[in-house]
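Note sheet for the following structure.
The values are calculated or read from the model by the stated rules, or taken from the named source; none is laboratory data. In this text the structure is predicted, and so the values were computed from the model without any measurement. Counting neighbours? That spans all protein chains shown, and the Cβs are built from the backbone with ideal geometry, glycine included. Side chains included, ligands, DNA and RNA excluded: accessible areas come from the protein's heavy atoms. Shrake-Rupley method; radii C 1.70, N 1.55, O 1.52, S 1.80 Å.
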Amino acid sequence: VQLQASGGGLVQAGTSHTLSCAPSGSNFALTTLGWYRELPGKYRSWLGFAAVDGSTTYADLVKGRFIISRDNAKSAVHLQLNNLKPEDTGVYYCYARYMNLDYWGQGTLVTVSS
C-alpha cells in the first residue's frame with residue numbers, strides 16, 4: 001500500500017485548509033485511513049481516523065476543529081483543518097490500516113503564519 005499526503009503549504013492563521021491522501025494498492029472500502037502530525041521538535045501525534053464505515057474518531061486535541069472524511073468516489077481521505085493556528089505548523093502524515101497492517105506515506109508540510 002502506498003500513500004502520499006498532499007495539499008500542504010503556507011496558510012494564514014484563522015483560515016481553513018484541506019489536506020488529501022489517496023492510497024493505492026489496497027481495497028479502499030476495507031482500508032481505515034487516518035492522520036498524524038509532527039510538530040517541530042515534538043513526537044508524531046495521532047489526530048484521528050475514518051473507519052471503513054465512514055465513522056470518525058479524533059484525538060481530543062483536535063476534536064471539533066479538524067474534520068476527517070472519506071471520499072469514496074476518489075478513493076481518498078481528506079483532513080480539513082479549521083481555525084488554523086501558528087502552533088499547527090508541522091508535517092502532516094496520512095496512514096492506512098489494511099489487512100491488520102499499517103502503512104505510512106510521505107508527509108506534507110503545513111506552515112501557518114500569524
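Within segment 4-26, is there a residue that is over 27 Å from SER114 (Cβ atoms), polar (S, T, N, Q), part of a strand (DSSP E or B) and at pLDDT 95 or above?
Scanning segment 4-26 turns up no residue that is over 27 Å from SER114 (Cβ atoms), polar (S, T, N, Q), part of a strand (DSSP E or B) and at pLDDT 95 or above.
Can you tell me how many residues in segment 82-96 are open to solvent by less than 10 Å² (accessible area, probe 1.4 Å) and part of a strand (DSSP E or B)?
4
Somewhere in segment 69-81, is a residue in contact (Cβ under 8 Å) with a residue 60 or more places away in the chain, surrounded by fewer than 19 Cβ atoms within 10 Å (Cβ to Cβ) and of a type in the set (Asp, Glu)?
Among the residues of segment 69-81, not one is in contact (Cβ under 8 Å) with a residue 60 or more places away in the chain, surrounded by fewer than 19 Cβ atoms within 10 Å (Cβ to Cβ) and of a type in the set (Asp, Glu), which makes the answer no.
Taking the stated definitions as given, is GLY41 open to solvent by 40 Å² or more (accessible area, probe 1.4 Å), touching a Lys or Arg at 6+ places or on another chain (Cβ under 8 Å) and modelled with pLDDT under 95?
no
Of the conditions (1) open to solvent by 60 Å² or more (accessible area, probe 1.4 Å); (2) at pLDDT 95 or above, ALA51 clears all except one; give me its number.
Tallying (1) open to solvent by 60 Å² or more (accessible area, probe 1.4 Å); (2) at pLDDT 95 or above, ALA51 fails exactly one: (1).
Considering only residues that are assigned to a strand (DSSP E or B) and closer than 13 Å to THR18 by Cα, which ones fall in segment 57-70?
Listed by number, the residues that qualify are PHE66, ILE67, ILE68, SER69, ARG70.
Kindly indicate which of THR57, THR32 is farther than 20 Å from THR15 by Cα, without any contact (Cβ under 8 Å) to a residue 12 or more places away in the chain and out of contact with any helix residue (DSSP H, G or I) (no Cβ under 7 Å at 6 or more places or on another chain).
From the options THR57, THR32, the qualifying one is THR57.
Can you pull out the residues in segment 11-60 that are among the β-branched types (Val, Ile, Thr) and in contact with a Leu (Cβ under 8 Å, 6 or more places away or on another chain)?
Answer for segment 11-60, where residues must be among the β-branched types (Val, Ile, Thr) and in contact with a Leu (Cβ under 8 Å, 6 or more places away or on another chain): VAL11, THR15, THR18, VAL52.
When the residues of segment 1-28 are narrowed to those that are open to solvent by 60 Å² or more (accessible area, probe 1.4 Å) and more than 18 Å from LEU84 (Cβ to Cβ), which ends up nearest to the chain's Cα centre (by Cα)?
Selected residue: GLN4.
Here is a check on your reading of the model: is THR57 polar (S, T, N, Q), farther than 13 Å from CYS94 by Cβ, open to solvent by 40 Å² or more (accessible area, probe 1.4 Å) and under 14 Å from the mean Cα position of the chain (by Cα)?
So THR57 fits the description; yes.
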